[in-house]
1. Compute the distribution of all C-alpha to C-alpha distances in the stretch A:270-419, in bins of 10 Å from 0, and list the percent of pairs in each, rounded to whole numbers.
2. Quick one: compute the contact order of chain B, relative version, from alpha carbon pairs under 8 angstrom and 6+ residues apart, as a percent.
3. How large, in Å, is chain B by the Kirkwood hydrodynamic radius built from its alpha-carbon pairs?
4. To test your reading of the geometry: what angle, between 0 and 90 degrees and rounded to tens, separates the Cα axis of helix A:706-722 from the longest principal axis of chain A?
5. Over the alpha-carbon set of the stretch B:305-400, divide Rg by the Kirkwood Rh and report the Rg/Rh ratio to two decimals.
6. With the crude spin-label approximation of a point 7 Å out along Cα→Cβ, what separation in nm comes out for B:Arg64 versus A:Ile396?
7. When the dipole is taken about the Cα centre of the protein assembly as shown, and only Lys, Arg (+1) and Asp, Glu (-1) are charged at their Cβ, what size is it in debye, to the nearest 20?
8. With contacts defined as alpha carbon pairs under 8 Å and 6 or more residues apart, what's the relative contact order of chain A in percent?
Amino acid sequence: MLDQPPGALVATATNRTNPERSFGEEVRSLRLGDGDIFRGEGILAVTKALLQSGVAYVGGYQGAPVSHLVDVLVESQDLLDELGVHLETCTNEASAAAMLGASINYPIRGCVTWKSIVGTNVAADGLSNLASPGVIGGALIVVGEDYGEGASIIQERAHAYAMKSSIWLMDPRPNLPTMVRCVEQAFELSEASNTPVMMELRIRACHVTGEFPAKDNVAPAISRNHRLAEPAAHNYDRISHPPSTYVHEKLKVDVRQPAAQRFIVERGLNELLPGEREDLGIIVQGGIANVLLRGLSRLGLGDQLGGVSVPTLVLNVTYPLVPEQIADFCKGKRAVLVVEEGGPDYIEQAIHALLRKKDVDTRIHGKDVLQMAGEYTAEVVTEGLLKFFAQTANDIDLSRPRQALDAVRVGRLEAQKLLGGPLPLRPPGFCVGCPERPVFSAIKLLERDVGKVHISSDIGCHSFATLAPFHLGNSILGFGMSLASAAAVAPVMQKRTISVMGDGGFWHNGLLSGVASSMFNRGDRVLVIMKNGYTSATGAQFIPNTAGNRRDGETTSDIASTLSAMGVTWLRTIRTYNVGTMLQTLRDAMSSAHKGLKVIVADGECQLARQRRIRPEIAAQLKRGERVVRTRYGVDDEVCTGDHSCIRLSGCPSLVVKPSPDPLRMDPVASVNNGCVGCGLCGEVADAAVLCPSFYRAEIVQNPTWWDRLVWRVRERVIGLFQPRVAEPT
Amino acid sequence: MSDALRPITILIGALGGDGGGVLCDWIAHAAHETRLPAQVTQIPGVAQRTGATTYYIEIVPLRRAALSGREPVMALNPAIGEVDVALATELLEAGRMIFNGFVTPDRTTLIASTHRVLSIGERVAMADGKFDTGRLLHAVRERSRERILFDMDQAAEESGSVLNAILLGALAGSGKLPVPDSAFESAIRSAGKSVEPNLAGFAFGRAHARGELEQAVRSHHARRAAGRGVEDLILRVQASLPPVAQPIAEEGVRRLTAYQDRAYATLYLDRLGSIRAAEQAAGGAGSLTRETARHLAVRMSFEDVIRVAQAKVAPDRMARIRAEIRAKPTEPVLVIEHFKPGIEEIAAILPPGLARRLLRWGERTGRTGKLYFPMRIKTSSVSGFLRLRFLAGLRWWRPRSFRFIEEQAQIERWLAAIRHAAALDLGLAAEIAECARLVKGYGDTHRRGSDNFARIDREIVAPALAGALAARVAADGVASARVAALADPDGDALARTLADFRVRATPLVASP
């Protein structure tokens, strides 16, 4: 069994930054200057662009697809120190948004980042209060628009936030030179219009590779290295408090928006691609321009270099629109297609309204030929273009592309028929040896005793428990919200509810929204906190209870003492791998006479982070010839009867099935593959659930001492004497 | 569209942890070194945690110099019907790309590993839940233009490398990219991690793709039971049973001799003889005898602590474990067993009178299913081994044990039902025989399986044998009930199926 005494987790800060991915190469690229070529991923290009723009501070909260922005800066502390850039790894998006407050009073540039829509929701209060007084230093918010295939959150658009708070929204074409240029222009736009700017980057754009000519980094004039002697003079106009807020609202529409629109036109932020079909036009969000351009070339209306036959307006700024620009583009055209991903169709509606006001009678198509919901994939856009041209330009012969599209669709149906129905899904799940899995095994076993229990789930790796094989969880209401979301369920249930929360969620929101509120209202609930030491689902970033802060190697805050300080009295900390103890503790929590909040801290370091940490250590030990015991588990295939109960209670990826070696049994048997890290859960589950005696634990003594070898030989010799001979007939 | 500029499109289907990201980096690096514009994108997200994910690459087959400074526009999404090369690290993921329409017979070269990593849905099934590999391979053949298929998992093991390096080698070997091998090798070198093993894997994959290397087929060996001194019983099998049933019956004889003794194996053949006679009378060709032979041998060698101990002290076990866990010959290995016998397991090996009293006490005091005796036995130590050896040596006592006597009674009832059904309908008899699959496992699992078996017996088999239900209808009912019993561990599907069956079968019961 994996026993990790807390002491063993503490390591120095230097060797423990960002456990999941190391950015050695990328850190070097951030130092490139004039004349160099930067090569790499989109989100890292954006990071480099920040340094080229002279930011004084950067902050953010991790989440795909923008985690790398902060992660790579965490590893670039030397460079940040040289330039005087302050980096804050915020504990949630609200804290990141509030950080931009520095640019309200001081002419310093800053950028914060998070995953949207969820992060923007959390940041909303700060954003409103930032956008109202406006900024004098450029303020940029890079949001990872987690939308479409591969997205892990609710599907909504950040666009609505930009509109309601009067924050400008950029949606650059997904190639590195444009993204970098847009970052630089975003700061200028922000300063020219005293308004924060949001830049949305979709998943694929964040991870797209490419290159751009680098520039020297710019050290900010006012910074950590060049401090101000005095704070800004008191100016009530800069405070979002009445009556200033009434003035701010007017400034937004009378001054800031016109300034922004002027800047957008003068600096050519949106791109007009000319084409000979002047009677038609297309308006597209920059972020999906490549899908559109490829679609046009598929139809024979464009080439591989981005040339088009139909004039196309690419909106690298999607809010605000510039009415004159749109109207000028549409004037004289019979029909214009708006290619806008996701719903509601804010841009299309705005274009309809502005053309009407300007009395331009061009027909606008959009969501009538393109789907309202879902990602604009190549197929969706091609279909939309075919419909648009069929309705508006019957002089263009599209029979070949139409037939081609229909043919591949027929082919796909044939393929699906050949495969005979849907393929088994492969949802994400807990990693090999994950410390969270045993908790859900224990909850499964608890349900055998007490019946089904209402489980409020949360965001984080533990949300995988809602999938196979556990199928545990009734709702997810947001990050750190599981305890709060049980507030009105618990009073109507005969059995207590269980809320599951990660330590990431605990510090993000759960401590106040959940624990404080539950304590305050004397909620009779059970809370399980997964203390694995990182926000593991986003790449194992550090959090306040991580053993060793990134700055000084000291752990910042402890969950148990925080809870005690808040008055939680029923509090147990349990090693997660100990399924029996976990089960008993859960039973106690469900049946205890204590009426208040009952918290179980399930303690076990993220296995992915742990393996990354200990593998090099073990390799070094082996190389030095030191004795190392490797533990792993196995299944006696002769004893296994192939009912797979163990897999249903664990789901460990290294617990697999293989054909039965028994010629008389047809069902495949369980087997442990070589991915096993020896966490011991399968043995624990077999034990706690009284499954079967097939599991064994094997300890392999590497670099054995002479004593190990002697004991081993003696044992083998003696055992050999008693070994049963092959069964003889009687 | 100018064809010279048309990018070569590559779609990669992989599982989180397969190294798809590294594979993309290698390909992009190699393209860059060849001065070809290339773009990679991916949607990793939480799919990194064991889920399925895809990567997409475009490479313009024209050197940058020839573009005179113009930048090609590259797509971030694959398009159906427009994928030149599809790479899959696993066969089901190849199937997924085919299912989604990305692999097309006019264009796509499919390079995939043929090994399967079963998805969680396939693994949790109570019996065999694996997706039909034949269907996957058939679709692969029908839907791709060219294909390079081999077990890259095994290749990685053979070459001491990792799967993504093999896949990169296979891509290079396919000749589908205008990128020389040296550029791929340089990509591996410049990445700087595990360079030698990755280069070895690359060379292996490339040689395989070019047909320069044949891979040994990894075979699955069934282990035969070790009973000896039963030549005369084997002769009896050959003389009395139909050829289709002989291999299985022979295995049954050996297994039961090892499990108990010659006499027990003889009983097996006697029992089988009665089924053979019933089948012959009904005009069957031997398949009922074969399937009964299979299940009867398994049922007669039921898992009690003696059998578990026998398996744990078997002479070849340690060698098997050492191979499985990859222990070097010089490394001592300690083996620790996880046992947790409860009241029922202990009662199983007691004499019936004592066992019943113990079980009644357990029921009365609520200790059955609650009281267990967890033990960790170190089989690799002398004392641990001797304890298990002692248990295994209790074989002589087994026929007097409570569980043995109970099992024999149940086996007889089951056999009687098969014989009786054979006279009505061979299909029904076969279905009843097959129901033995339900009774397996230990503890709760075994109890649940036995209950399900009893339920099907009570609700379908018994009425059919009593003539209250048409045998054909009953055969269908038993078949669907058995599938339902294996569908979920809670018995919900079985309950639904049986309720459904009652509704459908009612009018037939009334008919004469």
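1. Spelled out bin by bin, the stretch A:270-419 gives 11, 42, 34, 10, 3, 0 percent.
2. 9 percent
3. In chain B this quantity evaluates to 27.6 Å.
4. Long axis of A:706-722 versus the principal axis of chain A: about 60 degrees.
5. 1.08
6. 3.3 nm
7. 4160 debye
8. Reported as a whole number, the value is 11 percent.
Just so you know, all these numbers are worked out from the coordinates, no wet-lab data involved. Just so we're clear, the structure is a prediction, and the values are computed from it rather than from any experiment. Cβ: placed from backbone, ideal geometry, glycine included. Neighbour counts: every protein chain shown.
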